[in-house]
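The structure under discussion appears below in the form of structure tokens.
Readers should treat all values here as calculations from the given coordinates under stated rules, not as data from a laboratory. Everything quoted here is computed from the prediction, not taken from an experiment. Glycine gets a Cβ as well: all are built from the backbone with ideal geometry, and neighbour counts include every protein chain shown.
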Amino acid sequence: MPLPPSILFRSASLSLALCLGLGAAGPARAATPADLLAGYTAQSGAPAAPERGRAFFTARHGKEWSCSSCHGTPPTQPGKHAATGKPIAALAPSVTADRFTDAAKAEKWFRRNCNDVLGRECSAAEKADLLAWLLSLKP
Amino acid sequence: MTSRLSSTPVARALLLPLALTLLSPTVRADRMPTVTPLPAYQQECASCHLAFAPGFLPAASWQRLMGQLDKHFGTDASLDAATQTSIAGWLQSHAGTYKRVTDTPAPQDRITLSPWFVRKHREVAAEVWKRPAVKSAANCSACHPQAEQGDFNEHRIRIPR
């Protein structure tokens, strides 16, 4: 049975909208984790060291929590909020696809969580090291 | 029998309030009054904890909480100014709708220390709260699987071992 013209028209409009990216409600400036890493590395002015990132992630820095208190080790597994117990999707981009794909969101969480773990903001070098390590993790 | 009973003035006086009680949405305490959700609230607040219904705390508590997000129960939950203002305004307009929330202030602005919350959970042993799968009284979903949908009906409670 042929489809009514109205359905065909709507379907064609939808396809067009999807082709133009109008259907996507994601962040205005989509980035890749590699883009963010390049940005942090450029800011720090030195190559990122994944092993330093691993040590940074798992160590405590003079306060009660480490990064791994909420994100777990290794962060290819889901984490759990240290205070509320709420599950947290795995931090590794190879497991959770939208991790580090929105620079503003990444910055917001670095600002908050570095304050909780270190009592200060993280440096660009620390962010670069950490992200380089996270990108090396396979599911 | 019922019809004869309900036709007496005394019975009518008793049944009418009962009927109103059963029909009134505010008394169906297991389900929160529905409010228009705010996507920013879900996005910004529900990463760390359940998107607690605004009706669970009085307006004054939300105002204090939103004014010191950088020191939010031991963590930095700070937001950019525009998002903070938008969420704070939404919370103010939907605050304190849950029954008895406005009767008494919430100690430390904590839902879990509110007298109604303590009373409703008085049968939960101290040991239960400490179980790894529960961890915190703020972890509503641990025992109320439909908490995200605002459903706290006691028949659907599943306390993890």
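From the phi angles alone, apply the Karplus equation (6.51, -1.76, 1.60; θ = phi - 60°) to the range B:134-140 and give each ³J(HN,Hα) in whole Hz, x where the residue is Gly or Pro.
9, 6, 8, 5, 7, 8, 3
Quick one: Karplus J couplings for the range A:79-96, per residue in order, coefficients 6.51, -1.76, 1.60, θ = phi - 60°, nearest Hz, x for Gly and Pro?
x, 8, 4, 5, 9, 9, x, 5, x, 10, 4, 3, 7, 5, x, 6, 9, 10
What order, most packed first, do the peptides B:122-128, A:51-57 have when packing is the mean number of other Cβ atoms within 10 Å of each residue?
Ranked by mean Cβ neighbours within 10 Å, highest first: A:51-57, B:122-128.
Rounded, prolate or oblate: pick one for the range A:70-139, where a ≥ b ≥ c are the square roots of the eigenvalues of its C-alpha gyration tensor, a/c under 1.5 means rounded, and failing that, prolate if a/b is larger than b/c, else oblate.
oblate
With the calculation restricted to Cα positions, what are the radius of gyration and Dmax of the range A:47-105 in angstrom?
When restricted to Cα atoms, the range A:47-105 yields Rg and Dmax of 12.1, 36 Å.
Within a 10 angstrom radius of each residue's Cβ in B:134-146, how many Cβ atoms of other chains show up on average? Whole number is fine.
3
Over the range B:25-161, what number does the Rg to Rh ratio reach, with both radii from the alpha-carbon atoms and Rh per Kirkwood?
Here Rg/Rh amounts to 0.94.
Please arrange A:W65, A:W133 by counting, for each residue, the other beta carbons lying within 10 Å of its beta carbon, fewest first.
Least crowded to most crowded, the residues run A:W65, A:W133.
Would you mind getting the Kirkwood hydrodynamic radius of the range B:120-161 from its Cα pairs, rounded to one decimal in Å?
The answer is 10.5 Å.
Using modelled backbone amide H atoms (1.01 Å from N, in-plane), which distant-in-sequence or interchain residues come within less than 5 Å of A:I88's amide H?
A:G79, A:K80, A:H81
With each pseudo-label sitting 7 Å past Cα toward Cβ, what's the B:Q68-B:V35 distance in nm, one decimal?
Placing both labels 7 Å along Cα→Cβ, they lie 2.1 nm apart.
Sort A:R99, B:R161 so the one with the fewest other Cβ atoms within 10 Å of its own Cβ comes first.
So the ranking, lowest neighbour count to highest, is B:R161, A:R99.
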